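Notes for the one structure printed next.
The values are calculated or read from the model by the stated rules, or taken from the named source; none is laboratory data. Just so you know, these numbers come straight off a predicted model, no measurement behind them. Heads up, the Cβs are rebuilt from the backbone with ideal geometry, glycines too, and the neighbour counts pull from every protein chain shown. Side chains included, ligands, DNA and RNA excluded: accessible areas come from the protein's heavy atoms. Shrake-Rupley method; radii C 1.70, N 1.55, O 1.52, S 1.80 Å.
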Amino acid sequence: MTSQAWNVLVLAAGRGPDDPMAKAYQVTHKCLVEIAGEPMLARVTRTLLSHPAVRSISVVIETRTLLDQALGPLARQVEFLAPQESAARSALAAVTTTPQFPWLITTGDHPLLTKDMLQHFLAKAAASGADLSVGLATAETILARFPEAKRTFLTFGRDRVSGCNLFALTSERSMKALSFWHHLEGFRKRPWRLIGAFGPLALMRFATGMLTLDGAFAVASRRLDVTARPVLMPFAEAAVDVDKPEDKELAERIFIERRSLPA
């Protein structure tokens, strides 16, 4: 187990009843969509509370009433934070208010998160010496488990990776990355614009397949004046967030599989 005590920020603000998932399942907010009989935000929170390295949990969501509705009795064990203009601004406000490191940032639509995933990510992030660590899963890991998966992969040389909604901030320097993140949020699904934000040379190397994963993090480190490193997750489920009905169906099947495993 990692010996550090982590503050955790869960980004759960959404688009309210206009969110496609909320509409599809007739709830007022995406975080209330149930996965295996429990709101997905409650599943994320319960997993975080189970890990001994977690010192505190703050949840960014529209209202305290919504938090109570999603978490029930668990709401007494977390802090409510009102959302800012973007996820990045919400994260920056939370960390600025409690500038005690390290911080783990994850999302409320990550119901497949497990204690083992947390332990792997936190231990690797703590041991890396990086100011900022980002959880990623390779295409090989994901497709070996879910061969029919439709995922957005970023390609760096021979590596194809997908995000796992896990970010570790281990020093005050990492707040520079939060400030820059605000400018990148609109490019999340557009790799060319995302890489281009780090300069024309990085974009050219990316376009020619010469930008490796380690090289991309080296470019980001120089651009942001931090030490940023990837943490590769050996769990395909770590890359599954519930954004659309087929994600929910997959998550439900995985929970059925987990229940059938011997204790």
Practice prompt. Among GLY135, LEU250, HIS51, flag the residue with its Cα farthest along the positive direction of the charge dipole of the chain, charges on Cβ as +1 for Lys/Arg and -1 for Asp/Glu.
Written response: GLY135
Practice prompt. List the residues whose amide H sits under 5 Å from the amide H of ASP159, counting only those 5 or more places along or on another chain, with H placed 1.01 Å from N in the peptide plane.
Written response: LEU213
Worksheet item: DSSP beta bridges in the range 24-183, what fraction antiparallel, as a percent rounded to 5?
Response: 80 percent
Response to the item:
What one gets for the range 1-150 as the Kirkwood radius, inverse of mean 1/r over different Cα pairs in Å, is 16.3 Å
Worksheet item: Which value in deg cm²/dmol, rounded to the nearest 500, describes the helix-derived mean residue ellipticity at 222 nm for the chain, given -39,500 (n - 2.57) per DSSP H run of n ≥ 4 and division by the residue count?
Response: -12000 deg cm²/dmol
Discussion item. Please check: in the Gaussian network model of the chain (C-alpha springs, under 10 Å), which one of PRO17, PRO111, PRO73 has the largest mean-square fluctuation.
Written reply: PRO73
Worksheet, complete the sentence: Taking a probe of 1.4 Å and leaving out DNA, RNA and ligands, the chain shows per residue an accessible area in Å² of 48 Å²
Worksheet item: Between the range 236-263 and the range 41-58, what is the C-alpha centre distance in whole Å?
Response: 19 Å
Worksheet item: What is the chain's relative contact order, in percent, from Cα pairs under 8 angstrom and six or more apart in sequence?
Response: 22 percent
Worksheet item: In square angstrom, rounded to the nearest 10, how much accessible surface does ASP225 have for a 1.4 Å probe?
Response: 80 Å²
Worksheet item: trypsin sites (Lys or Arg not before Pro) within the range 74-182: which are DSSP loop residues with at most 14 other Cβ atoms inside 10 Å?
Response: LYS150, ARG158
Discussion item. Could you derive backbone 3J(HN,Hα) for the range 231-242 from the dihedral phi with the Karplus parameters 6.51, -1.76 and 1.60 (θ = phi - 60°), listing whole Hz in sequence and x where the residue is Gly or Pro?
Written reply: 10, 7, 9, x, 10, 4, 5, 5, 9, 9, 10, 9
Discussion item. What does the charge count around LEU67 come to, taking other residues whose C-beta lies under 13 Å from its C-beta (Lys +1, Arg +1, Asp -1, Glu -1)?
Written reply: -1
Item to complete: Any chance you could get the radius of gyration and Dmax over the Cα atoms of the chain, in Å?
Response: 17.9, 53
Worksheet item: Taking only pairs that are 8 or more places apart or on different chains, how many Lys pairs in the chain have Cα atoms under 29 angstrom apart?
Response: 25
Worksheet entry | Restricting the range 1-109 to GluC sites (Glu not before Pro) in coil, as DSSP defines it, with at most 11 other Cβ within 10 Å | GLU85
Practice prompt. May I ask you to give the percent of accessible area on the range 1-58 that is carbon plus sulfur, with a probe radius of 1.4 Å?
Written response: 49 percent
